[in-house]
1. Could you figure out which of (1) buried (at least 21 other Cβ atoms within 10 Å of the Cβ); (2) over 21 Å from Met1 (Cα atoms); (3) touching a strand residue (DSSP E or B) at 6+ places or on another chain (Cβ under 6 Å); (4) small (Gly, Ala, Ser) isn't true of Ser152?
2. If a residue has to be farther than 17 Å from Asn70 by Cβ and under 14 Å from the mean Cα position of the chain (by Cα) to count, how many in region 134-162 make the cut?
3. For region 91-118, which positions are free of Cβ contacts under 8 Å to residues at least 24 places away in the same chain and either surrounded by 14 or more Cβ atoms within 10 Å (Cβ to Cβ) or aliphatic (A, V, I, L, M) (or both)?
4. Show the residue pairs that are 6+ apart or on different chains and have beta-carbon atoms under 6 Å apart, the first residue being within region 146-166 and on the phi > 0 side of the Ramachandran plot, the second being surrounded by 19 or more Cβ atoms within 10 Å (Cβ to Cβ) and part of a strand (DSSP E or B).
5. Keeping to region 1-58, report how many residues are among the hydroxyl-bearing types (Ser, Thr, Tyr) and surrounded by 14 or more Cβ atoms within 10 Å (Cβ to Cβ).
6. State the number of residues belonging to region 108-132 that are farther than 22 Å from Ala67 by Cβ and not in a loop (DSSP other than H, G, I, E, B).
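Every read-out reported here was derived from the displayed coordinates using simple, explicitly stated rules and does not represent laboratory data. These numbers come from a predicted model, not from an experiment. Here the Cβ is made from the backbone with ideal geometry for all residues, glycine too, and neighbour counts use every protein chain on show.
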Amino acid sequence: MHYRKSTSLDFTSIEKLYMEAFDSNEREVVAKLALELVGESESVLSLVATEDDEIIGHIVFSPMKIASNNDSLAYILAPLAVAPAKQKQGIGSQLIQFGLKTLSEIGVDAVFVYGDPNYYNRSGFNRRHKIEAPYKLEYSVAWLAIELTENSLQGVSGTASCLSPLMSSELW
């Protein structure tokens, strides 16, 4: 298993991965989101997991702003996909850890995610923050964060805003 930054040569495989990993009611939306984010900004971190030169996992971390706080450098994790035949083998968790390590090395203070707390808690994400999501959430307990810089979210509040592909209320 190898983990690396994605390249433009990976886009077709990344799209195929999302089409296989998500069910029919969301696969096209998530595949489009992944590719739009990867092309949105050079500050987006797009990582793939490969096995025998085949992409079996993909994750995107993109910059996020917190209204009323220009000091913290925050990112959001979305989306994440693992090939159906490779799920439940820790590949997603390893991609998350590789991404968090990479972001920490470039000075990112915190990473947010809107996802299953049972899954993301295992990687250290939690609800101990006061940042509001860009939109009202159906499952507010799923709006999680992890501090990469100790106490970087202490005393910080405000509303998050993301890159334009993520700023659609339908995604939240």
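1. (1)
2. Result for region 134-162: 5.
3. The initial filter retains those residues of region 91-118 that are free of Cβ contacts under 8 Å to residues at least 24 places away in the same chain, namely 101, 105-106, 118.
Result: Ile106, single match.
4. Pairs that qualify, where the first residue is on the phi > 0 side of the Ramachandran plot and the partner is surrounded by 19 or more Cβ atoms within 10 Å (Cβ to Cβ) and part of a strand (DSSP E or B), are Gly158/Ile66.
5. Taking region 1-58 as the starting set, the residues that turn out to be among the hydroxyl-bearing types (Ser, Thr, Tyr) are 3, 6-8, 12-13, 18, 24, 41, 43, 46, 50.
Of the ones still in play, those that are also surrounded by 14 or more Cβ atoms within 10 Å (Cβ to Cβ) are 3, 6, 13, 18, 46, 50.
Within region 1-58, residues that are among the hydroxyl-bearing types (Ser, Thr, Tyr) and surrounded by 14 or more Cβ atoms within 10 Å (Cβ to Cβ) number 6.
6. 7
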